[in-house]
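Note sheet for the following structure.
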Amino acid sequence: MEALAQQQTDLVAAAQAGDRDAFSALVRQHQRSVFFTALRIGRGDEQFARDLTQRAFMQAWAKRAEFRGEAAFKTWLLRITTNLSLNEQRRAWRHREVVPEPADTSNPPELGEVGPEAFDRLETKRARALLRDAVEALPERQRHVTLLRLYEDLSFAEVGAACGISANNAKVSFHHAVRNIRKNLEAKGVAS
């Protein structure tokens, strides 16, 4: 574990010195987390997530000298991603662009598949959709904190650093998010 941390530190230092190969290695290590964070923030819009991922890494390269190591490099990247996403959403709102809803790609069971397992799959898909809708209905900060905490498995300190808030504020936002998700699900008749 310590060797991995040292390797990460060495890659970051080399990238800060202008080593493009080191930065490429960092991109390969973190592109999945950055993409899926952008995808979740962008409510499933894959093109938005691809564009945002590319812009996040371009900005990270341009601002690499500003990384001070106060948080993990991954956390710094996720903060860039979150900030770019928020800026893009504000720009879209100012210009009143309509962001299309992602298409539902779930396949209903074929008629020949009807049985207990088919109903279980439908119920699981329904539960996931209700949970996804409840998370999307959260206020912006609560939604970002929840996405980073649950999907990126970041500590509250890392979530706070990525969102530009304290660890305590991240905990409070997460607590309120969980409470709001429960209320939303209960209002839809889903037991908590």
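When you check Glu152 against the structure, is it exposed (fewer than 14 other Cβ atoms within 10 Å of the Cβ) and at pLDDT below 85, yes or no?
So Glu152 fails the test.
Provide a single number: the residues in segment 47-64 that are more than 14 Å from His30 (Cβ to Cβ) and in contact (Cβ under 8 Å) with a residue 24 or more places away in the chain.
Counting residues in segment 47-64 that are more than 14 Å from His30 (Cβ to Cβ) and in contact (Cβ under 8 Å) with a residue 24 or more places away in the chain gives 2.
Sort through Pro139, Pro100 and tell me the only one that's modelled with pLDDT of 85 or more, exposed (fewer than 14 other Cβ atoms within 10 Å of the Cβ) and either not assigned by TED's automatic domain parsing to the domain that holds Arg68 or not β-branched (Val, Ile, Thr) (or both).
So the residue among Pro139, Pro100 that is modelled with pLDDT of 85 or more, exposed (fewer than 14 other Cβ atoms within 10 Å of the Cβ) and either not assigned by TED's automatic domain parsing to the domain that holds Arg68 or not β-branched (Val, Ile, Thr) (or both) is Pro139.
Note down all Cβ pairs under 8 Å where the first residue falls in segment 13-42 and is touching a residue at least 24 places away in the same chain (Cβ under 8 Å), the second is outside any helix (DSSP H, G or I), and they're at least six residues apart or on different chains.
The qualifying pairs are Gln16/Phe67; Ser33/Glu152; Phe36/Glu152; Thr37/Glu152; Gly42/Val99.
The values are calculated or read from the model by the stated rules, or taken from the named source; none is laboratory data. Values in this document were obtained by computation on a predicted structure and should not be read as measured data. With ideal geometry, Cβ positions are generated from the backbone for all residues, glycine too; neighbour counts draw on all protein chains shown.
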